[in-house]
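Single-structure report; data block below.
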Amino acid sequence: MVNCIYCPQSKLIREYRKRSETTLMRPDVFSACIEKLPPAIDMHFSGMCEPWVNPKCADMILYAHERGHRILVSTTLTGLTVADIERIESIDFKHFNVHLPHRAQTADNASVERHIMILERLQNSSITPNYRCHGAFVSSEILSILGDKIHLSKPHTRAGNKNVEKNSPPARIQGPISCRRDLRQNVLLPNGDVVLCCMDYGLQHVLGNLLTCDYSNLLQSKELSRVRKGLTDESEEILCRYCEVHAQKKQQGITRVVSKLKTAMRNLQHHR
């Protein structure tokens, strides 16, 4: 898919080019970085762009799976081939999310036909996808294939990084806050840089580079320490204070305990 209303990729490209000319993740760079991560860390082939724009995506998914990482995929199916599906369908995915096109996106007839062909092949594979759409659908053919399997949701501003029609820019959250992901949904970029999360399209919080440091160094980095400080210190300007999805006001006492129990129950159901 092109011209996605959900992901501010033009901002990402602009900021990333200031840091590196490496635009495609090479398998050797990927393996060098992944070897520094404990297997308990889930690998999400998602983040800030379409995974299968990289023709080696299936190779890297299989490599991470063989090393014991649980795998999540979020894809528009662009670039995904029948051969890729056949190679990865034996994996027990944590989630396999398919983001469907909306009516604001346009494509030629050949692209639409190919998309539907891949969608039908995926439906007939051993993979159990979750289908999502941020808006209305681009074709009646998709509805005829998937019916009520599609989850509708409204796009958001990606923590103020994207202007979304009818959505006001997010107000800065006041007071102590926390992150529902505990600041652990970091994103690995093609040059080895690691940014805070999938909302950081402006590369505001770069934690380090896995080609030159260990994972423990990222967790102890000055930038992550500054972000953690900013969760309670409003004088620190951090992206989290504009996040509509994972930021929440910090709770105290019994309210906080109840909230943690609810989160634990959601995570338990999520991992089943």
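The values are calculated or read from the model by the stated rules, or taken from the named source; none is laboratory data. The structure displayed is predicted, hence computed values, not measured ones. In this analysis, Cβ positions are derived from the backbone assuming ideal geometry, glycine residues included, and neighbour counts consider all displayed protein chains. For the accessible areas, the whole protein counts, side chains as well, though only heavy atoms, and no ligand, DNA or RNA atoms are used. Shrake-Rupley method; radii C 1.70, N 1.55, O 1.52, S 1.80 Å.
Extension gain, ARG226 to THR212, is 3.0 nm, computed as 0.36 nm per intervening residue step minus the present C-alpha separation. In terms of its C-alpha gyration tensor, the range 174-216 comes out prolate, because a/c is 1.5 or above and the ratio a/b outweighs b/c.
Please work out whether the range 1-71 counts as rounded, prolate or oblate from its C-alpha gyration tensor, where a ≥ b ≥ c are the square roots of the eigenvalues and a/c under 1.5 means rounded, while otherwise a/b larger than b/c means prolate and anything else oblate? It is prolate, given that a/c is not under 1.5 and a/b is the larger ratio.
Computed from phi, the 3J(HN,Hα) profile of the range 169-175 under the Karplus parametrisation 6.51, -1.76, 1.60 (θ = phi - 60°) reads x, x, 6, 5, 6, 9, x Hz, with x in place of Gly and Pro. Against the criterion of solvent-accessible heavy-atom surface with a 1.4 angstrom probe, THR212, THR81, THR232 sort, most first, into THR212, THR232, THR81.
For GLY68, the shell of other residues with beta-carbons less than 15 Å away shows a net charge of 0, using +1 for Lys and Arg and -1 for Asp and Glu.
Per residue, the range 202-246 exposes an accessible area of 48 Å² to a 1.4 Å probe, with every protein chain left in place. Per residue, how much accessible area does the range 1-91 show when a 1.4 Å probe rolls over the protein heavy atoms, in square angstrom? I get 51 Å² per residue for the range 1-91. Using heavy atoms of the protein chains and a probe of 1.4 Å, the accessible area assigned to MET117 is about 90 Å². Here the dipole of the range 156-255 is about 300 debye; that uses its Cα centre as origin and unit charges on the Cβ of Lys and Arg (positive) and Asp and Glu (negative). Note on the range 112-134 and the range 175-205: Cα centroid distance 29 Å, given to the nearest whole angstrom. Overall shape: oblate for the range 135-242, with the ratio a/c of the largest to smallest alpha carbon gyration tensor axis at 1.5 or above and b/c at least equal to a/b.
Estimated at the nearest 10 Å², the accessible area of ASP182 is 80 Å² with a 1.4 Å probe. Seen from ARG87, the other residues with C-beta closer than 15 Å to its C-beta sum to a net charge of -4, counting Lys and Arg as +1 and Asp and Glu as -1. Here's how it looks for LEU207: its modeled amide H is under 5 Å from those of VAL194, VAL195, LEU196, which are all 5 or more places away or on a different chain. Neighbours of LEU189, meaning other residues whose beta-carbon lies under 11 angstrom from its beta-carbon, give a summed charge of -2 when Lys and Arg score +1 and Asp and Glu score -1. Take the Cβ-Cβ distance between THR22 and SER126 as r, set R0 to 41 Å, and report the resulting FRET efficiency rounded to the nearest 0.05. After rounding, the FRET efficiency stands at 0.75.
Computed on protein heavy atoms with a 1.4 Å probe, the accessible areas place SER144, SER216 in the order SER144, SER216, largest first. The separation of the range 41-71 from the range 237-251, counted between C-alpha centres, amounts to 27 Å. Only lysines eight or more places from LYS162 in sequence, or on another chain, were considered; those with a Cα closer than 30 Å are LYS11, LYS18, LYS56, LYS94, LYS149, LYS154, LYS222, LYS229, LYS249, LYS250. Of the residues LYS18, LYS229, the one with the largest accessible area comes first in the ranking LYS18, LYS229, computed with a 1.4 Å probe on protein heavy atoms. Would you mind getting me the FRET efficiency between LYS262 and GLU237? Use the beta-carbon distance for r and R0 = 35 Å, nearest 0.05. About 0.70, to the nearest 0.05.
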